[in-house]
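The values are calculated or read from the model by the stated rules, or taken from the named source; none is laboratory data. Everything numeric here is computed off the predicted structure, so don't read it as measured data. Positions of Cβ are generated from backbone atoms using ideal geometry, with glycine treated the same way; all protein chains shown enter the neighbour counts. We work out accessible area using only protein heavy atoms, side chains counted, and drop any ligands, DNA or RNA first. Shrake-Rupley method; radii C 1.70, N 1.55, O 1.52, S 1.80 Å.
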Amino acid sequence: MLAAIDPVVGFFVLGLVAGLLGSDLKLSSGLYDTLTIYLLIAIGLKGGFELASRDVTSLILPTAVIVVASAVTPMVAYQILLRLGRLPHADAASISAHYGSVSVVTFAVGASYLGRQGLDYDGFMSVFLVFLEFPALIVGVLLAKGLKADANWRRLAHEVLTGKAIVLLLGALLIGWIWGREGGKALVPFFEGLFKGFLALFLLGMGVTTAARFGDLRRVGLFLVGFGILMPIVSAAGGVLVGWLLGLSVGNTHLLAVLYASASYIAAPAAMRIAIPEANPALSMGASLGVTFPFNVVAGVPLYLAMTQTFYRMMA
Amino acid sequence: MLAAIDPVVGFFVLGLVAGLLGSDLKLSSGLYDTLTIYLLIAIGLKGGFELASRDVTSLILPTAVIVVASAVTPMVAYQILLRLGRLPHADAASISAHYGSVSVVTFAVGASYLGRQGLDYDGFMSVFLVFLEFPALIVGVLLAKGLKADANWRRLAHEVLTGKAIVLLLGALLIGWIWGREGGKALVPFFEGLFKGFLALFLLGMGVTTAARFGDLRRVGLFLVGFGILMPIVSAAGGVLVGWLLGLSVGNTHLLAVLYASASYIAAPAAMRIAIPEANPALSMGASLGVTFPFNVVAGVPLYLAMTQTFYRMMA
Amino acid sequence: MLAAIDPVVGFFVLGLVAGLLGSDLKLSSGLYDTLTIYLLIAIGLKGGFELASRDVTSLILPTAVIVVASAVTPMVAYQILLRLGRLPHADAASISAHYGSVSVVTFAVGASYLGRQGLDYDGFMSVFLVFLEFPALIVGVLLAKGLKADANWRRLAHEVLTGKAIVLLLGALLIGWIWGREGGKALVPFFEGLFKGFLALFLLGMGVTTAARFGDLRRVGLFLVGFGILMPIVSAAGGVLVGWLLGLSVGNTHLLAVLYASASYIAAPAAMRIAIPEANPALSMGASLGVTFPFNVVAGVPLYLAMTQTFYRMMA
Amino acid sequence: MNAPSPTPSPYHGFVVVVIAEAELESVLRDDILHAGAQGYTVSEVRGRGNRGLRDDRLLLSNNVRFEVLCDEATARRVLDTVLGRYGRHYGIVAYALPTWTPPDASSAHRPPLTRVRD
Amino acid sequence: MNAPSPTPSPYHGFVVVVIAEAELESVLRDDILHAGAQGYTVSEVRGRGNRGLRDDRLLLSNNVRFEVLCDEATARRVLDTVLGRYGRHYGIVAYALPTWTPPDASSAHRPPLTRVRD
Amino acid sequence: MNAPSPTPSPYHGFVVVVIAEAELESVLRDDILHAGAQGYTVSEVRGRGNRGLRDDRLLLSNNVRFEVLCDEATARRVLDTVLGRYGRHYGIVAYALPTWTPPDASSAHRPPLTRVRD
Ligand SMILES: Nc1ncnc2c1ncn2[C@@H]1O[C@H](COP(=O)(O)O)[C@@H](O)[C@H]1O
Ligand SMILES: Nc1ncnc2c1ncn2[C@@H]1O[C@H](COP(=O)(O)O)[C@@H](O)[C@H]1O
Ligand SMILES: Nc1ncnc2c1ncn2[C@@H]1O[C@H](COP(=O)(O)O)[C@@H](O)[C@H]1O
Ligand code: NA
Ligand code: NA
Ligand code: NA
């Protein structure tokens, strides 16, 4: 059974255990930065290589549908947080934005998992990854501020569009697209051959960080813990539906479900700190890093595949 | 003749020369941390892959013998330091603990050297590496404090067991064991293919550090310099004997001798700072990093192989 | 047409665009250090492997010629800066030294470019790289101070000779030479297989840095911008001539032109800060990083190949 | 006026600075909070003192530098605790500075113990 | 004597220290220069306060620590601006210290506003 | 009582802070020790001043920040030496602060020159 899980998840658990035991194991912030930069480029490049070898126009419609549909998550989340959770306005909006946006590492774990199941998926899925970063952040600010003037949209747009997540994903996508796998083959040993190794190190660090975040769970409260587990399942179900409607393969639909289910912890926190400063970052990070990320990596990813397969079987 | 030596030793010498010339070459502390984490995981994984492919019960007895025998080094060292060296109680105990514990990088240099000689060794040797971290630290504290109450054993045990050396070695060993080489093959290009490159960078940095440590040699004094060279030879001889008694192959026995001969400079200093704060860290680090590490890397590793081969030939 | 350019240049442009857009993308200083150390070692090793497989005596004469000829660049540059640019004495001398010295990364980009054109070059070109670091720095100080006593030659010599650029290039060259490619083959996956990946990351960071340097262009002034573009073309022409006189192949001559055209931004700034403190570092770094480096990487490298090929055709 | 003003005033009271071996970071953290401080700022530093060089780029451990804003009583407790507990065996130095109070009505009325944020 | 002396004197005036979330670095930079400071020094720090731990080794963002040498009027402007603008919603603390003037003729004649370099 | 107390007191005397280009680190180190300081603490900082931005994340060299605990005479020597030698050509600023002496019998009797550890 363990064999179905990717060993990189083992590194996540190792980091988690080390953190909970109070180990002095820590990744330096320079190493975190390096791993983040690497993973973003590697994923972007892979998508670009894929685009170079196929007809791109066929992707325009699915991309549009997927991006528009992704706005549903933050709107649903906002209502739940406000009405059921009775959270303040600003916090509900900020947390919604985190859950509507996506996590690159969760995506990578999902892709790894598919690989181990012998299931195919297309490299262009990382194109969606790029475009799914934005909409939720915009919805989040709209929810918090309405269309009032003080929302400082320019600064927010700048923050989001020039954030390193977008710049590197989009930039590497373009580079991969322009040069193609053949033209960029000298980059392959580094950016593909070592991918799992870098991912393992990143997950090791994420484990330590998640353990440190468990302390925030008290602040976060029981309601948010439940939200952090159920919300991604709901979003994943939406992803399965959208993927099926678009006629995606099982593998692609699974990855879409993973993307919808994942919560951002790199792009969103920085953007929300600027856009909704009244919101308490401990709440959103506690839920997204302390609850949803570990849930997704360990249990969610296999669960969403089961959901996808069951649904496809039912509809077949 | 040089061809017998591993080129990674060339990088150690390069760092040493750069340091002695007062070069501005320095590894950032983030890079050191990264290299340490990498080497610990790579060695642990390798051991785990090995365990996955063999009968583990056959290792229980040799591990027990090797671990118990390893307590001899600190006890001998303590008497020498106290009686011949006339060092204060606390310093004698702390230095003994450093010499009884092990150095991961010295082990890696030993394994590299064996490879170049065309000699085999078993991956499970890194299992011993994990278990040889502890006993000397415990003996060291016992020597310093007896069994008095103030020895704060809980904090020490915590410090040692959750130190990153143990956590990463043991964790990676478990991951390698659970998934096996086949299940973890996506990790192999990173953690095995690049091993020598990372080791070369680490040794480069160790060279610079060792050069900086030479300044401590004055404080350390002539006696400790002699101790730092002779003690490892004595320990190595013990390792040859234990290996032979256990019926290990020449390669395995050589690595055991290297382990016994090596002195700790990552796990021990941190643990001793907590357990025996009266001890002067400049003495133990000066001897272990300034004398024993360079001696082992450059001269000790080949010497211990010669010792092993001679002894095995004599006993054959 | 883009296919002729190496995709690593794409990463440079990506960094540049990110920087100009005000992105938060930044490489940590630890990562910069790591990449620098890696590139210097990789290039040095490659040269050393090459030396190990050929007759070295045949290189003595060309090395001498190339090194002596390299002193022309700073002398010409100095006159231009002083007379046409009306820069202060000290600044003219310091900038000359930057332009007379060489840039390792520009060299790597040149070598990449050749590879994509299917043109050969010899690994021993990196031997020249090592020796071309010095002369300009010495000429620069001579120009600034004459042979006056206060030039503190000892400290300068020490600074230059033990600077990490020289130490790592020369050290890795020696290691490669002593062990040869066969003896050092365990290092090849790391130092050769990943070269382009590391180069891509470094260029990404250089792009960001260059963008930040554009702000200095105002200080630098229009004259220095023109100088930063024309001077390298002149130096490259000199390189073509010297290469042709020495009977080097087209590929080797191209790389020599790239070396002559490149301006230092690692070794020279540190040395000049010590040797000519009166000089304003914003001028020399603004010109070398803000103008010449991007010009060379994007336009110069292909231009110098065209120059070389045209000249060789003309003389054939 | 005693009503809390909407904008916080600059901190007035004391700054305590503690520089010590990095191994002590976790215990110092607890001691400082125990002594009554409501927060601290910490950074990695290198140094040299009686015990020689400390620089983690050389595989030696670094030092850490704590900076604690607090009132006078807490300042004394922090200094007494950290020097009393670790001053004998560990490399540690500590000092305090009184901060400057801008001679301005609204903040002059605040007692020095007031936190900087309202 | 009013003629500029060839060697600069040590800075006398005020040091303002501002510790805040790293996200604010770029805006604080501008605000500080706007308030009239002629320079600043900034470093990465970690910390704990009302809003819990901040430590980028844990994927949380760090804090930054600004240190600004300036005269009294600028010190007040810097403190007022940064606390006024960000004190409510962001984690930020700030304080000022008067620097020591060596009781030495040449520098005693300098007005406190003088930059340290001639 | 003049007998050395078992626990060290907080440092009282002066803190000198020197911020300068990283290239000067090794010479400043020597100068500071030469001026009579018994130790120093140093950290990497970035900054901006008359000579523009200094930030090693941009391949420019960083600044370093020295913090030296010492008595008044040493403080003046450190300031005079470093500003005198490097103030003209290099980016360097320096200032000093008197530390606070807790009004407490045992340490009040100590002369300001006393080292912090017994
Ligand atoms: N006079 C001093 N000024 C500033 N920092 C000091 C001084 N003496 C010691 N330190 C710092 O305190 C640490 C421990 O000091 P020591 O135990 O004397 O080696 C040193 O590594 C320095 O960082
Ligand atoms: N009492 C204090 N002393 C020193 N630094 C503090 C103190 N309180 C807060 N800080 C710093 O200010 C940051 C933000 O504070 P807070 O908003 O209270 O979490 C913290 O992360 C600390 O770095
Ligand atoms: N007013 C100031 N406040 C704090 N630090 C300063 C100030 N002016 C300069 N600095 C620091 O000193 C360094 C060199 O200053 P400069 O030579 O003026 O560029 C700068 O990079 C800053 O780190
Ligand atoms: Na999502
Ligand atoms: Na040992
Ligand atoms: Na040149």
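The overall shape of chain C is rounded: from the C-alpha gyration tensor, with semi-axes ordered a ≥ b ≥ c, the ratio a/c is less than 1.5. Computed extension gain for C:K185 through C:Q117, at 0.36 nm per residue and net of the alpha carbon distance, reaches 21.8 nm. Each of A:D120, A:D6, E:D80 has its accessible area taken with a 1.4 Å probe; listed largest first, they run A:D120, E:D80, A:D6.
In this rough spin-label picture, where each label sits 7 Å from Cα along the Cβ direction, the B:F223-B:L21 distance is 3.8 nm.
In terms of its alpha-carbon gyration tensor, the range A:53-199 comes out prolate; a/c meets the 1.5 threshold, and the first ratio a/b outweighs b/c. Counting 0.36 nm for each residue step from C:L246 to C:H158 and taking away their Cα separation leaves a gain of 28.5 nm. With the simple spin-label model, which puts each label point 7 Å out from Cα in the Cβ direction, the E:S26 to D:V27 separation comes to 4.3 nm. The two copies C and B are related by a rotation, and the chain C beta carbon nearest its axis, with distance in whole angstrom, is C:G30, 2. Between this copy and the others, label points of B:Q79 are 8.1, 8.1 nm apart in ascending order, each placed 7 angstrom from Cα in the Cβ direction.
At a threshold of 50 Å², the residues of the range B:168-182 that become less accessible to a 1.4 Å probe in the full protein assembly than in their chain on its own are B:I175, B:W179.
Measuring between their Cα centroids, the range C:230-261 and the range A:72-133 lie 54 Å from each other.
Taking every full run of DSSP H in chain A, the ones that stretch at least 27 Å from end to end by Cα along their long axis and average -1.0 or higher on the Kyte-Doolittle scale are A:29-52, A:195-214, A:216-245. In summary, the lysines within cross-link reach of A:K145, defined as a Cα separation below 27 angstrom excluding same-chain residues under 8 places away, comprise A:K164.
Checking the a/c ratio against 1.5 first, then a/b against b/c, what shape does the Cα gyration tensor give for the protein assembly as shown?
Note, shape of the protein assembly as shown comes out rounded.
Copy-to-copy label distances for B:R154, where each label lies 7 Å from Cα along Cα-to-Cβ, are 5.9, 5.9 nm in order of increasing length.
Within 10 Å of each Cβ in C:263-271, how many Cβ atoms from other chains are there, averaged over the peptide? Could you put the intermediate results ahead of the total?
Values: counts 0, 0, 2, 1, 0, 0, 4, 4, 1.
If you average over the peptide's residues, the count of other-chain Cβ atoms is 1.
A 1.4 Å probe run over the protein chains yields, for the range A:2-95, 38 Å² of accessible area per residue, whole-number rounding.
For the segment C:195-204, counting C-beta atoms of other chains within 10 Å of every residue's C-beta and taking the mean gives 5.
Each copy carries a label point for A:R313 at 7 Å from Cα along the beta-carbon vector; from one copy to the others these points are 6.8, 6.8 nm apart, nearest first. If you take all other residues with their beta carbon under 12 Å from the beta carbon of F:F14, and give Lys and Arg +1 and Asp and Glu -1, the sum is -1. Within the range B:90-160, the trypsin sites (Lys or Arg not before Pro) that combine a DSSP coil assignment with at most 16 other C-beta atoms in a 10 angstrom radius are B:K148. A:V234 contributes about 90 Å² of solvent-accessible surface, heavy atoms of the protein only, 1.4 Å probe. For the pair A:M314 and A:I60, a Förster radius of 25 Å applied to the C-beta separation gives a FRET efficiency near 0.30, rounded to the nearest 0.05. Solvent-accessible area assigned to carbon and sulfur over the protein assembly as shown amounts to 63 percent, based on a 1.4 Å probe. Ranked by the mean number of other Cβ atoms within 10 Å per residue, highest first, peptides B:66-79, C:165-178 order as C:165-178, B:66-79. Our helix-only sum for the protein assembly as shown, with -39,500 (n - 2.57) per DSSP H run of n ≥ 4 divided by its residues, gives a mean residue ellipticity at 222 nm of -18500 deg cm²/dmol.
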